[in-house]
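Visitor: Sharing a structure here in structure tokens format.
The values are calculated or read from the model by the stated rules, or taken from the named source; none is laboratory data. What you see is a predicted model, and the numbers here were worked out from it, not measured in a lab. Cβ coordinates were reconstructed from backbone atoms using ideal geometry, including for glycine residues, and neighbour counts include every protein chain displayed. Keep in mind that these areas ignore ligands, DNA and RNA; they rest on the heavy atoms of the full protein, side chains included. Shrake-Rupley method; radii C 1.70, N 1.55, O 1.52, S 1.80 Å.
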Amino acid sequence: MTRERYEMVVGLEVHVQLKTRTKAFCGCSADFGAAPNVNTCPVCLALPGALPVLNERAVELATRAALGLGCKVNPVSVFARKNYFYPDLPKGYQISQFDQPLATGGSVLIGKNDKGGDLHIGITRLHMEEDAGKSIHDRYPGATAIDLNRAGVPLIEIVSEPDIRDSASAGAYLRTLKQILQYLDVSDVSMEEGSLRVDANISVRPPGQAKLGTKTEVKNMNSFSAVERALEAEYERQCALLDSGGSVEQQTLLWDGAREAVRPSRTKEGSHDYRYFPEPDLRPLMLDEKWIAAAHKDLPELPEARKTRLALEYGISSSEVDQLMATPALSEYYESVARASGDGKAAYNWVMGEVLAGLRASGEDISRLRVRPADLAQLLNLVREGTVSHTAAKRVFSLMMETGQPAAQVAADEGLVQVGDEIAIATWVDEVLQEHPAEATRYLAGEKKLQGVLVGFVMKKSKGRADPRRVNQLLSARGG
């Protein structure tokens, strides 16, 4: 009944760390995982006289992200000081952008609406900023530690329009946005490492009402599913407040995953509380229109376009394409195999089967896989030509994972080339019938469903080398 009385209205702010070698305004490393406070310098620490110098690579990646999301990149944008005091912000302000951001507009397609049309979530703005440091509350009893390695790391903040109407759509938006940013290669987008963080603004209103309700901001969500659960919890809290005759207070809330509830953090600030003003130590960022056009032309293939193309070119279903699109590296590996083998379906089966199983077992990334796409394609061709049986091919692949050698060489060295000689196969069949008298008796008496079992025994005895087609023919002849 709550859904009939109140509509959920959500806008998301997504903070994305750009994949640069150094920080936004100095030469310190931006790598994750260093010992506390080693990646710092006078600029990071806000020492007197230290001046920021803008990271050109950060501008390139931010522009690529904006163009990939369909935003309009502004030829002129301005950095501004966002003033607030917190222990992990040594300057007492954050360099961000305010009324003149890098880009505006854009949208993300997340699926279909109730009427079957495309469902887009609009993007209000995309701006550049630097990250703050990190306060560590749980490592030292009774104390809070400060790590400034992250201070000054380059970010983009992507602010959505309040177009999201339920938690599932919020999750779909975030997963789609993450995939787009992965394919643009602008960020690692790892929530575990903090290179992607989400704040959610949520309000409720009666259906049909144009005016937005009072919003709250929810923070401290460490996964997309946590975002969905936090939105549901805050929606129920706001609805209960209104039903009891109360009102929603504009405030910042923290998600408590252990309690599956939100708790107050502080009264939510408005933009006037931050006393924004132009950063006096940085000139306006001016981008040439030709440079922006060249950046747009150099965009890589985006996920939606790749999905459509893979399905059309290689004859696989949309659900199969979605699985292959999990990461850019996986889809690229698949396409290389499919193109070289000429069999998109077989390539899909092997990549999603043996390849992923091998990666899980080894713990390796696909970029370091010892089986190169051309070698897997060769293995698929050996199976198609009948040189290697499907059973033996799995053994060949396992050895390729260990040695990195080509399929044909492994098959020859291990004696796994398929045997089509009828005398050899007949010998294996006779031996299997002798070694399994119970199954043989029932099969020869007419129990045809045992033929597959006997074929399996023959393939095992031959170590996968017997031609399964000839094995079936000989067994059929024996069974009358």
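Visitor: Please label the shape of the stretch 304-461 as rounded, prolate or oblate, based on the square roots a ≥ b ≥ c of the eigenvalues of the alpha-carbon gyration tensor (a/c under 1.5 means rounded; beyond that, a/b larger than b/c means prolate, else oblate).
Guide: prolate
Visitor: With the full set of protein chains in place, find how many percent of the accessible area of the chain is carbon and sulfur; take the probe as 1.4 Å. Write out the running numbers ahead of the final one.
Guide: Details: 12020 of 23360 Å².
In the chain, the share of accessible area belonging to carbon and sulfur is 51 percent.
Visitor: Please give me, ordered by residue number, the trypsin sites (Lys or Arg not before Pro) of the stretch 205-259 that lie in loop per DSSP and have at most 14 other Cβ atoms within 10 Å.
Guide: Hits after loop and neighbour filter: K211, R259.
Visitor: For S195, which sequence-distant residues (separation of 5 or more, or a different chain) have an amide H within less than 5 Å of its own amide H, given hydrogens modelled in the peptide plane?
Guide: Under 5 Å from the amide H of S195: S190.
Visitor: Based on the alpha carbons, how large is the Rg to Rh ratio for the chain when Rh follows Kirkwood?
Guide: With Rh from the inverse mean 1/r over Cα pairs, Rg/Rh is 1.11.
Visitor: Per the Kirkwood definition applied to all pairs of different Cα atoms, how many angstroms is the hydrodynamic radius of the stretch 98-199?
Guide: The Cα-based Kirkwood calculation yields 15.8 Å.
Visitor: Can you list the residues, at least 5 places off or on another chain, whose amide H is less than 5 Å from the amide H of Y93, using H built in the peptide plane?
Guide: Distant-sequence amide H within range of Y93: Y84.
Visitor: Take every Cα pair under 8 Å in the chain that's 6+ residues apart, average their separations, divide by the length, and report that relative contact order as a whole percent.
Guide: Across the chain, relative contact order equals 14 percent.
Visitor: Then there's this: How are the alpha carbon pair distances in the stretch 272-377 distributed across 10 Å bins from zero to the largest one, expressed in percent?
Guide: 12, 34, 20, 12, 13, 8, 0
Visitor: Can you tell me which lysines have their Cα less than 17 Å from the Cα of K82? Leave out same-chain residues fewer than eight positions away.
Guide: List returned: K91, K268.
Visitor: May I ask you to evaluate 6.51 cos²θ - 1.76 cosθ + 1.60, the Karplus curve with θ = phi - 60°, for each residue of the stretch 147-159 and list the ³J(HN,Hα) values in order in whole Hz, giving x for glycine and proline?
Guide: 10, 9, 4, 7, 4, x, 5, x, 10, 10, 10, 10, 9
Visitor: Please check which bits of the stretch 79-109 a label hung off A143 would reach, taking the label as a point 7 Å along Cα-to-C-beta and the cut-off as backbone N under 17 Å.
Guide: Under cut-off, by backbone N: 87-88.
Visitor: Right, another one. Enumerate the calculated ³J(HN,Hα) couplings along the stretch 84-95 in order (Karplus 6.51 cos²θ - 1.76 cosθ + 1.60, θ = phi - 60°), each rounded to whole Hz, writing x wherever the residue is Gly or Pro.
Guide: 7, 10, 7, x, 8, 10, x, 6, x, 7, 10, 7
Visitor: Accessible area per residue, 1.4 Å probe, Å², for the chain: what's the number?
Guide: Roughly 49 Å² per residue, with all protein chains present.
Visitor: Which distance in Å, rounded to a whole number, links the C-alpha centroids of the stretch 195-248 and the stretch 451-474?
Guide: Comparing the Cα centres of the stretch 195-248 and the stretch 451-474, I get a distance of 62 Å.
Visitor: Using the reciprocal of the averaged 1/r over all distinct C-alpha pairs, how large is the Kirkwood radius of the stretch 181-316 in Å? Could you put the intermediate results ahead of the total?
Guide: On the way: mean 1/r = 0.0519 Å⁻¹.
Computed over Cα pairs of the stretch 181-316, the Kirkwood hydrodynamic radius comes out at 19.3 Å.
Visitor: Can you compute 3J(HN,Hα) from phi for each residue in the stretch 430-446, using the Karplus curve 6.51 cos²θ - 1.76 cosθ + 1.60 with θ = phi - 60°, rounded to whole Hz and x for Gly and Pro?
Guide: Each residue of the stretch 430-446 in turn: 4, 5, 5, 5, 6, 7, 10, x, 5, 5, 5, 4, 5, 5, 5, 7, x Hz.
Visitor: Would you mind putting 356-362, 410-416 in packing order, based on average other-beta-carbon counts within 10 Å, highest first? Don't jump to the answer; show the numbers that get you there.
Guide: Values: 356-362: 13.7, 410-416: 17.6.
Averaged packing, sorted descending, gives the order 410-416, 356-362.
Visitor: Would you calculate a helix-derived [θ] at 222 nm for the chain, using -39,500 (n - 2.57) for each DSSP H run of n ≥ 4 and dividing by the full residue count, to the nearest 500?
Guide: Computed mean residue ellipticity for the chain: -12000 deg cm²/dmol.
Visitor: In Å and on Cα atoms, what radius of gyration and Dmax does the stretch 1-46 show?
Guide: For the stretch 1-46, the Cα radius of gyration and maximum Cα-Cα distance read 19.8, 57 Å.
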